[in-house]
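Asker: Quick one: structure below, then a few questions.
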Amino acid sequence: MQIPFVDLKRQYKNHKAEIDQAIADVISSASFIGGVTLENFEEAFAKKQAVKHCIGVNSGTDALYIILKILGIGIGDEVITTASSWVATASTISQTGAQPVFVDIKDDFLIDETLIESKITDKTKAIIPVHLFGQMADIITIHDICSKHKLLLIEDSAQTHFSERDHNKVGQLSSASIFSFHPSKNLGAYGNGGAIITNDHLLANQCRKYANHGGLTKHEHQVIGINSKLNNMQASILSKKLKHVDIWVKQRRSIANKYFELLADIKEIQLPIVHEDAYHVYHVFCIRADRRDELASYLKEKGIGTALHYPTPLPFLECYQDLRHKPEDFPIAHQLSKRILSLPMFPEMRMDEVAYVCDQIKAFYS
Ligand SMILES: *Cc1c(COP(=O)(O)O)cnc(C)c1O
């Protein structure tokens, strides 16, 4: 059997007519950037996330950069974030001129909220928790910390479309929340895409303006901005896909349940920690495994794709070597990076394929 880590072709095959139509509609309208196609998607996405505003931009990375700029973060400021995420969480902080301040994670892979206060200084302006792998960080506690210390809260929700924690949807307790529509994400476009969501009308307008050359009307540029838009090809495809996303999330959750059931008795691996109050959307199914590299090679021989999220914690990336962080500074992130292994996970994965992956893992350890 050949089971790729992610197979995007299956979803296209299942919805080919609809996707092809979405693309054809944009081409025949000859309206490629802005206008109703984008507005319709923004409105539908905001509604589904239960917030007032959505601004479609070119990528999740741009979404982070834009909201940081709009919240006035820059040179001399510090922004607290997690030690384990995709590089964009930290690099966008650096791009504004601010300094990322990393916090270790817990064995649920999420920022350790009990360590956050020890990192707050008088330069701290904001906290960016990352809702990693499809599960939200402890947003209530982090929100309380932000209120107490008068810090801004921005959620990196690139991996958690429609996730919840303690009945709070993503985007409810923060100034703004960002999403990625990278093709691999739970709601994926056919190219780059991203969005900012917020309940704050003023913030929404400022983001929209900044992403449109610093002005909302042509030839009037009140501030220096950038050019970052979710193009209509992507918006049109995403509008169609939005109607199916609940089913895809359920399929991801069923696959995860199967993994939990079939991998329960293997003492050499630990399964993901899922909080009781969390609605996990399983962007990534990441286990912790003894002899991880050997297991990954063994699975590869058996036709099974795996991945590492993430092999190097952010503080240890070469681009942050000037911070001179040591493994002891982030012991959990460091230890886990040696044990993590992400198993195949995509909505169209069949249960016999899940069973095959689990059988091979069992075979490896027996
Ligand atoms: C994917 C991702 C991003 C960046 O999104 P792009 O659309 O690829 O720019 C940011 N943060 C996290 C946690 C991500 O997974």
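Asker: Separation between the Ile23 and Asp166 pseudo-spin-labels, each 7 Å from Cα along Cα→Cβ, expressed in nm?
Answerer: 4.5
Asker: On to the next question. List, in order, the whole-Hz ³J(HN,Hα) value for each residue of segment 168-176 obtained from phi through the Karplus relation with A = 6.51, B = -1.76, C = 1.60 and θ = phi - 60°; use x for Gly and Pro.
Answerer: 9, 6, 3, x, 8, 10, 10, 4, 7
Asker: Beyond 17 Å, what share of the Cα-Cα pairs of segment 135-197 remains, rounded to the nearest whole percent?
Answerer: Details: 798 of 1953 pairs.
Roughly 41 percent, once rounded to a whole number.
Asker: Additional query: Which three extents, in angstrom, do the Cα atoms of the chain have along their principal axes, listed largest first?
Answerer: Cα spread of the chain along its principal axes, largest to smallest: 68, 54, 37 Å.
Asker: Run the quick spin-label model on Asp107 and Asp359: label points 7 Å from Cα toward the beta carbon, then report their separation in nm to one decimal.
Answerer: In this crude label model, Asp107 to Asp359 measures out at 3.1 nm.
Asker: Expressed in nm to one decimal, what extension gain is obtained for the pair Ser147 and Asn14 from 0.36 nm per residue of sequence separation less their Cα-Cα distance? Mind showing how you got there, number by number?
Answerer: Working: separation 133, 0.36 × 133 = 47.88 nm, distance 4.60 nm.
That works out to 43.3 nm of additional length.
Asker: Another question, if that's okay. In cubic angstrom, how much convex hull volume per residue do the alpha carbon atoms of segment 281-322 span? Intermediate results must be reported in sequence, preceding the final value.
Answerer: Numbers: hull volume 4.8 nm³, N = 42.
Cα convex hull per residue, to the nearest whole number: 114 Å³.
Asker: Along the charge dipole of the chain, which of Leu336, Val249, Ile127 sits closest to the positive end, that is, farthest toward it, with unit charges on the beta carbon of Lys, Arg, Asp and Glu (+1, +1, -1, -1)?
Answerer: Of Leu336, Val249, Ile127, it is Val249.
Asker: Here's something else I'd like to know. Using the Cα centre as the reference, give the magnitude of the dipole from point charges on the C-beta atoms of the chain (Lys, Arg: +1; Asp, Glu: -1; all else neutral), rounded to the nearest 20 debye.
Answerer: Working: 40 positive and 43 negative charges, 168 e Å.
Dipole of the chain, to the nearest 20 debye: 800 debye.
Asker: Pop out the Kirkwood hydrodynamic radius of segment 241-366 from its pairwise C-alpha distances, inverse of mean 1/r, in Å to one decimal. Walk me through the numbers before you get to the answer.
Answerer: Details: mean 1/r = 0.0625 Å⁻¹.
With all distinct Cα pairs of segment 241-366 included, I get 16.0 Å.
Asker: Give the share of C-alpha pairs in each 10 angstrom bin for segment 1-135, from 0 to the last occupied bin, in whole percents, shortest bins first.
Answerer: Computed distribution, short to long bins: 10, 26, 30, 22, 11, 1.
Asker: Computed FRET efficiency, Cβ-Cβ of Arg350 and Thr312, R0 30 Å: what is it to the nearest 0.05?
Answerer: 0.35
Asker: Also, quick follow-up: Using Cα positions and a limit of under 24 Å, work out the lysines in reach of Lys209, with same-chain residues fewer than 8 apart set aside.
Answerer: Counting by Cα, and skipping residues close in sequence, Lys209 has these lysines nearby: Lys47, Lys48, Lys52, Lys69, Lys125, Lys218, Lys229.
Asker: Antiparallel as a % of all DSSP beta bridges within the chain, to the nearest 5? Walk me through the numbers before you get to the answer.
Answerer: Details: 22 of 38 bridges.
Around 60 percent of the beta bridges assigned by DSSP in the chain are antiparallel ones.
Asker: What FRET efficiency comes out for Phe5 versus Thr217 if R0 is 35 angstrom and r is the Cβ-Cβ distance? Round to the nearest 0.05.
Answerer: 0.20
Asker: With the dipole of the chain worked out from charges on the C-beta (+1 for Lys and Arg, -1 for Asp and Glu) around the Cα centre, which of Leu230, Gly194, Pro315 lies farthest toward the positive end?
Answerer: So the residue furthest toward the plus end is Leu230.
Asker: By per-residue mean of other Cβ atoms within 10 Å, what is the highest-first order of 140-152, 35-47?
Answerer: 35-47, 140-152
Asker: Can you tell me, using C-alpha contacts under 8 Å and at least 6 residues apart, the relative contact order of the chain as a whole percent?
Answerer: Values: 732 pairs, mean separation 81.0, N = 366.
It rounds to 22 percent for the chain.
Asker: Suppose every K and R has +1 on its Cβ and every D and E has -1 on its Cβ; what is the size of the dipole of segment 255-345 about the Cα centre, in Debye to the nearest 20?
Answerer: On the way: 11 positive and 13 negative charges, 45 e Å.
Around 220 debye, computed over segment 255-345.
Asker: Tell me which aspartates and glutamates have Cα within less than 19 Å of Lys16's Cα, excluding those fewer than 8 residues away on the same chain?
Answerer: Asp7, Asp25, Asp246, Glu348
Asker: Next question, about the same structure. Could you name the lysines in cross-link range of Lys326, using Cα to Cα under 24 Å and dropping any fewer than eight places away on the same chain?
Answerer: Cα-Cα hits under 24 Å: Lys106, Lys119, Lys123, Lys338.
Asker: Which residues in segment 155-194 place their backbone N less than 19 Å from a point set 7 Å from the Cα of Ala44 along the Cα-to-Cβ direction?
Answerer: Counting only backbone N, you get 161-163, 179-194.
Asker: Counting C-alpha atoms alone, how compact is segment 89-143: give Rg to one decimal and Dmax as a whole number, in angstrom.
Answerer: Reported Rg and Dmax, both Å: 11.5, 32.
The numbers here are math on the coordinates, done by the rules we state, and not lab data. Bear in mind the structure is a predicted one, so any value in this text is a computation, not a measurement. As a convention, Cβ positions derive from the backbone with ideal geometry for all residues, glycine included, and neighbour counts pool all protein chains shown.
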